[in-house]
Amino acid sequence: MYASIPSATIRGVEGQPVWVEVHSGRGLPGLTLVGLPDAACREARDRVRAAVLAAGATWPDTRVTVNLAPSATRKVGSGLDLAIAIGILVASEGLTADQVAGRGFVGELGLDGTVRPVPGVLSRVAALSCEEVVVPVASAVEAALVEGPLVRAVATLGEVLAALAGDEPWPEHPPPRPVAPPPQPPDLRDVRGQAVVRTALEVAAAGGHHLLMVGPPGAGKTML
């Protein structure tokens, strides 16, 4: 059986579409990954197998070949894990081609089946021409900035398989909490008054001069 699943990789700061082609046929059971993958991408063979089993799916006892097309372009990172897993399940008849038609998949897989975020999701999604894109929950806000595709946020491979099979609706995860900006250091412009002292501090800092401040307690020496 054969399957072709759309995904994307990063080349510099731009996304580049990748077709994950999977063939499952006779031969000694095993998984071969070709198509110029880097070290992190090649390691998907072990991550994907463990994730598929953790999701409760059956790993095929056939010879599986995965080609990352176009083969002349180097594929970097672990962002193709989810697409590889879906492609293997379609090629081994664990899913049907109709269930994945029109959908792209981006994300790294953990050994326990979790779908983890990857860098450059915005560029990856923008490079895809799909009606729907399945991404990690942590990347959903970034992916939603791209106009066009419907973004499906998932936390585990099991959620993806259940939704594709129609056993469960697509999960609705709350958006991740916004990250608080780092605290700003004190700024002299926030000091009211003390214009002469502020000027002296600026001159001393600019020229690298020594400075001695003398005054009664409460005058503002420590604050400045």
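The values are calculated or read from the model by the stated rules, or taken from the named source; none is laboratory data. In this text the structure is predicted, and so the values were computed from the model without any measurement. Quick reminder, even Gly has a Cβ in these numbers, built from the backbone with ideal geometry, and neighbours come from all protein chains shown.
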Notebook entry, point to check: Of these, P169, P185, P149, P176, which one is modelled with pLDDT under 90, within 28 Å of V48 (Cβ to Cβ) and of a type outside the set (S, T, Y)?
Noted result: P176
Note to self: Out of everything in the range 12-39 that is modelled with pLDDT of 90 or more and small (G, A, S), what residue ends up being surrounded by the most Cβ atoms within 10 Å (Cβ to Cβ)?
What the structure shows: S24
Check: When the range 136-162 is examined, which residues are found to be in contact with a Ser or Thr (Cβ under 7 Å, 6 or more places away or on another chain) and in a loop (DSSP other than H, G, I, E, B)?
Finding: A155
Margin query: Please go through (1) modelled with pLDDT of 85 or more; (2) under 32 Å from the mean Cα position of the chain (by Cα); (3) exposed (fewer than 15 other Cβ atoms within 10 Å of the Cβ) for G208 and return the number of the only condition it doesn't satisfy.
Written below: (2)
Next item on the list: For residues that are part of a strand (DSSP E or B) and out of contact with any Lys or Arg (no Cβ under 9 Å at 6 or more places or on another chain), scanning just the range 18-55, find the one that is farthest from R74 (Cα to Cα).
Entry: V22
Notebook entry, point to check: Only one of (1) modelled with pLDDT of 85 or more; (2) of a type in the set (A, V, I, L, M); (3) more than 21 Å from T96 (Cα to Cα); (4) not in a helix (DSSP H, G or I) is not met by V133, so which one is it?
Noted result: (3)
Checklist line | Selection within the range 128-150 - under 15 Å from A83 (Cα atoms) and buried (at least 18 other Cβ atoms within 10 Å of the Cβ) | finding: L128, C130, V133, V134, V135, P136
Check: Within the range 110-121, can one find any residue that is over 11 Å from the mean Cα position of the chain (by Cα) and either under 11 Å from S7 (Cα atoms) or aliphatic (A, V, I, L, M) (or both)?
Finding: yes
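Looking at V125, V115 in this structure, which one is touching a Pro at 6+ places or on another chain (Cβ under 8 Å), without any contact (Cβ under 8 Å) to a residue 60 or more places away in the chain and either buried (at least 19 other Cβ atoms within 10 Å of the Cβ) or within 25 Å of P60 (Cβ to Cβ) (or both)?
Going through V125, V115 in turn, just one is touching a Pro at 6+ places or on another chain (Cβ under 8 Å), without any contact (Cβ under 8 Å) to a residue 60 or more places away in the chain and either buried (at least 19 other Cβ atoms within 10 Å of the Cβ) or within 25 Å of P60 (Cβ to Cβ) (or both): V115.
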Notebook entry, point to check: Looking at the range 87-112, which of the residues that are of a type in the set (D, E, K, R) and touching a residue at least 24 places away in the same chain (Cβ under 8 Å) is farthest from P136 (Cα to Cα)?
Noted result: E93
Margin query: For the range 188-205, which positions are surrounded by 10 or more Cβ atoms within 10 Å (Cβ to Cβ), at pLDDT below 80 and within 49 Å of the chain's Cα centre (by Cα)?
Written below: L188, V191
